[in-house]
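For reference, the structure discussed in these notes is given below.
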Amino acid sequence: MIPVEVQTYVILPIFIFFARIADVSFGTLRIIFISRGLKYLAPIVGFFEISIWLMAISQVLTNMGHYSAFLAYALGFAVGNFVGILIEEKVAMGVSVIRIITQYSAFDLIEYLKSSGFRTTSTEAQGQFGNVSIIYTVIKRKQIPEVLGILKEYNPNAFYTIEDVRSAGGSFAQVAPKPVRGVGRFSRKAK
């Protein structure tokens with residue numbers, strides 16, 4: 001039999017601490033799923049999030065005279081935020097666009113990105129200090145470190161931004177798409 005003091009001051013706070021880490025981590029993932037438009041996955045994660053939270057908060061409210069429960073709840077919340085972000089980084093779901101702006105010739109960089117299987121779109125523009133090249137590439141989030149490695153190798157001083165994309169059409173295939181025939185008025189052969 002476990003003594004009441006051990007249950008109250010050791011086991012209960014540990015339970016609350018880990019329950020809080022779990023529910024906050026699920027909450028972080030749920031918010032990410034909502035922002036990515038995953039409308040079927042977000043409610044499932046939300047169910048587990050709130051179920052765990054209800055167990056944790058009921059234990060805190062039942063044991064209101066024990067400050068160890070409050071401390072465990074707060075620490076679990078803090079650590080849960082950290083763990084949720086780590087999980088999200090490891091999962092790296094979704095698609096991002098990297099916008100690269102370079103003052104130097106971007107030809108080699110563009111060719112290397114293309115030969116590595118990344119689709120790119122580039123244009124010439126006018127920057128504050130003269131002509132620049134702007135390169136866009138839409139990639140899976142897991143590929144961000146690879147693209148940044150290529151960028152640092154070819155142009156370490158280039159300015160870049162990374163943005164999450166809610167949705168993207170087309171595919172990530174490395175082969176150029178074939179023209180679509182038979183769609184609309186442009187599909188007829190000339191006579």
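List of remarks:
- The residue list Arg20, Arg99, Arg36 contains one member that is at pLDDT 90 or above and over 30 Å from Glu153 (Cβ atoms), which is Arg20.
- Residue pairs whose Cβ atoms lie under 6 Å apart, separated by 6 or more positions or on different chains, with the first residue in segment 52-72 and over 22 Å from Phe26 (Cβ atoms) and the second outside any loop (DSSP other than H, G, I, E, B), are Asn63/Ala69; His66/Thr8; Ser68/Tyr9; Ser68/Pro13.
- Residue pairs whose Cβ atoms lie under 7 Å apart, sitting 6 or more positions apart in sequence or on different chains, and linking a residue in segment 110-126 that is in contact (Cβ under 8 Å) with a residue 40 or more places away in the chain to a partner that is open to solvent by 60 Å² or more (accessible area, probe 1.4 Å) and not in a strand (DSSP E or B), are Tyr112/Tyr154; Gly117/Gln174.
- Scanning segment 33-50 for residues that are under 19 Å from Arg20 (Cα atoms) and open to solvent by 40 Å² or more (accessible area, probe 1.4 Å) yields a count of 5.
- Filter result for Ile85 (in contact with a helix residue (DSSP H, G or I) (Cβ under 9 Å, 6 or more places away or on another chain) and either closer than 30 Å to Val4 by Cα or open to solvent by less than 50 Å² (accessible area, probe 1.4 Å) (or both)): no
- Contact map, segment 9-25: residues that are more than 18 Å from Ile85 (Cβ to Cβ) and in contact (Cβ under 8 Å) with a residue 24 or more places away in the chain paired with residues that are open to solvent by 20 Å² or more (accessible area, probe 1.4 Å) and among the polar types (S, T, N, Q), Cβ distance under 6 Å, separation 6+ or inter-chain. Pairs shown: Tyr9/Ser68; Pro13/Ser68; Ile16/Gln59.
- Of all the numbered requirements in (1) free of Cβ contacts under 8 Å to residues at least 40 places away in the same chain; (2) open to solvent by less than 70 Å² (accessible area, probe 1.4 Å), Val165 misses one, and that requirement is (1).
- Test: residue in segment 62-82 that is under 28 Å from Gln7 (Cα atoms), hydrophobic (A, V, I, L, M, F, W, C) and open to solvent by less than 40 Å² (accessible area, probe 1.4 Å): yes
- Counted residues, segment 140-155 - those being modelled with pLDDT of 90 or more, under 22 Å from Phe107 (Cβ atoms) and open to solvent by less than 90 Å² (accessible area, probe 1.4 Å): 6
The values are calculated or read from the model by the stated rules, or taken from the named source; none is laboratory data. As the structure is a prediction and not an experimental result, all values here were calculated from the model. For neighbour counting, all protein chains shown are included, and Cβ atoms are generated from backbone atoms with ideal geometry for every residue, glycine included. Just the protein is used for accessible areas: all its heavy atoms, side chains included, with ligands, DNA and RNA removed. Shrake-Rupley method; radii C 1.70, N 1.55, O 1.52, S 1.80 Å.
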